[in-house]
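The values are calculated or read from the model by the stated rules, or taken from the named source; none is laboratory data. Keep in mind it's a predicted model, so treat the numbers as computed, not measured. Cβ placement follows ideal geometry from the backbone for every residue including glycine, while neighbour counts extend to all protein chains displayed.
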Amino acid sequence: MEIRLLEIAETETDEAVTFYNSEQPELGADFIVIFIHSLERIKTYPKAWNPFNQNTRQCQLRRFPYGIVYQILEGEILVVAISHLHREPGYWKDRITP
């Protein structure tokens with residue numbers, strides 16, 4: 001099953017990397033490594049995390065306060081948000097398809 005990110009989720013990822021690099025050199029690179037590892041875990045075990053609804057789940061990143069919000073659709077996994085866990089919970093809900 002392939003993974004696809006909404007453009008807005010890509011932007012959220014870029015913003016997190018930029019923020020962490022501004023806090024400490026190479027911290028953004030650490031974020032990316034953990035993010036990619038989490039995507040690989042999602043691809044391998046897409047139903048491992050508790051669902052919000054029938055097809056939407058969130059995988060929390062290790063070490064960083066972010067979650068990958070994704071939907072399991074026919075033939076693909078769609079990442080709808082890279083959500084900071086302590087800011088605006090649920091802001092991404094209008095991005096999901098029922």
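Does ARG57 satisfy being in contact with a strand residue (DSSP E or B) (Cβ under 6 Å, 6 or more places away or on another chain) and at pLDDT below 95? It would help to see each step written out before you state the result.
On the way: in contact with a strand residue (DSSP E or B) (Cβ under 6 Å, 6 or more places away or on another chain): yes; at pLDDT below 95: no.
Criteria not met by ARG57.
Considering PHE64, PHE19, which residue is out of contact with any strand residue (DSSP E or B) (no Cβ under 8 Å at 6 or more places or on another chain), part of a loop (DSSP other than H, G, I, E, B) and surrounded by 12 or more Cβ atoms within 10 Å (Cβ to Cβ)? Please lay out each step first, then the result.
Working: PHE19 fails: part of a loop (DSSP other than H, G, I, E, B).
One residue alone meets the criteria, PHE64.
Taking only pairs six or more apart or across chains, which ones have beta-carbon atoms under 7 Å, a first residue in the range 11-26 that is among the β-branched types (Val, Ile, Thr), and a second residue that is at pLDDT 95 or above?
THR13/PHE35; THR13/ILE82; VAL17/GLY28; VAL17/PHE31; VAL17/ILE32; THR18/GLY28
Give the residue, chosen from ILE77, ILE8, ILE3, that is at pLDDT 95 or above and in contact with a Pro (Cβ under 8 Å, 6 or more places away or on another chain).
Numbers: ILE8 fails: in contact with a Pro (Cβ under 8 Å, 6 or more places away or on another chain); ILE3 fails: in contact with a Pro (Cβ under 8 Å, 6 or more places away or on another chain).
Only one candidate qualifies: ILE77.
On the given criteria, is TYR45 hydroxyl-bearing (Ser, Thr, Tyr) and within 15 Å of MET1 (Cβ to Cβ)? If you could, list the steps in order and put the result at the bottom.
On the way: hydroxyl-bearing (Ser, Thr, Tyr): yes; within 15 Å of MET1 (Cβ to Cβ): yes.
It is true that TYR45 is hydroxyl-bearing (Ser, Thr, Tyr) and within 15 Å of MET1 (Cβ to Cβ).
Look at PHE31 and say whether it is at pLDDT 95 or above, aromatic (Phe, Trp, Tyr) and surrounded by 15 or more Cβ atoms within 10 Å (Cβ to Cβ).
Criteria met by PHE31.
Report whether or not PRO51 is under 16 Å from TYR20 (Cα atoms), loosely packed, with under 15 Cβ neighbours inside 10 Å and not hydrophobic (A, V, I, L, M, F, W, C).
no
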